[in-house]
Structure formats: C-alpha cells, structure tokens
Amino acid sequence: MKTLFRILRWPLGQIVILLDWLTRPSKPAHSAPRQAELDQLTASLKLYQFAQCPFCVKTRRTIRRLGLNIELRDARGDAHWRSELIQQGGRHQVPCLRLLKGDGSSRWLYESKDIIRYLEQHYG
C-alpha cells in the first residue's frame, strides 16, 4: 500500500501544481510606496514548503493574492532548509512560516490556516 501511495503521489502532485498555475490569483496593483512598505515588513519572513503540497499551495496563493514577497524555502528538495526547519522549528511539517522577532529570535508558525490568518491580519 505504501508503494502504491508513492507511485500515485507524483502525478497527483503534478496535477495540484498545474491546477494552481491555471487558477492562480492575480497580484494586486499596490502603489510603489505601499509595495515597498510591504516588502520591508515581510523581508524577514520565510515560508518552508513543498511545491506539491496542497496546503502549501493554499498558503502560496494567499501570499500572491496579498502581493507579498516572502522567500520560499523548499524543505523537500533542499537538505539545508529541511535541516533548518527540523532543528530550529522543531518538526518536519509544512507549510511553516518563520517569523523573525525584534530580539533576533524566531517564531515558527505551522498550519496553513494559522499562517493565512496571520498574513491577512498583518498585511491584508
């Protein structure tokens, strides 16, 4: 059963990526000063994610819809980001948004609904 799941996971993931690409929301037309402000406010945010994860797609769509420039870190394809997520965040779960606090420490926000709620409350 595990092998069957692995065989099905790749094509299903490609379908998820295709559907996301075909239906992705438009970026908003922020004024240049507003976009610069958003870029500055979100410069320290990092989203650890997998390209084919439906919950990551949902989170990335919100980022695009809000016009945010948040660095995406591939926690599946890049061993460095995966290791950082596990060692600093505490678990290998995506999506995960790393928030850098004023004192230099990090807060790791898991769960797509919580991440989306945070982004909409702070930048929406």
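Based on this model, can you work out whether Val57 counts as within 11 Å of the chain's Cα centre (by Cα), on the phi < 0 side of the Ramachandran plot and part of a helix (DSSP H, G or I)? Yes, satisfied.
Exactly one residue out of Leu12, Leu85, Leu38, Leu72 is surrounded by 11 or more Cβ atoms within 10 Å (Cβ to Cβ) and closer than 16 Å to Glu120 by Cα: that is Leu38.
In region 78-106, which residue that is part of a loop (DSSP other than H, G, I, E, B) and in contact (Cβ under 8 Å) with a residue 24 or more places away in the chain is nearest to Ser44 (Cα to Cα)?
So, considering only residues that are part of a loop (DSSP other than H, G, I, E, B) and in contact (Cβ under 8 Å) with a residue 24 or more places away in the chain, the one nearest to Ser44 (Cα to Cα) is Pro95.
Contact annotation: residue pairs with Cβ atoms under 6 Å, 6 or more positions apart or on different chains, pairing a residue in region 63-74 that is at pLDDT 95 or above with a partner that is assigned to a helix (DSSP H, G or I) and of a type in the set (Val, Ile, Thr), are Leu68/Thr42; Ile70/Thr42; Ile70/Ile63.
The values are calculated or read from the model by the stated rules, or taken from the named source; none is laboratory data. Only a predicted model underlies this, so the values are computations on that prediction, with no experimental measurement involved. Ideal geometry is used to build each Cβ from the backbone, glycine not excepted, and the neighbour counts take in all protein chains shown.
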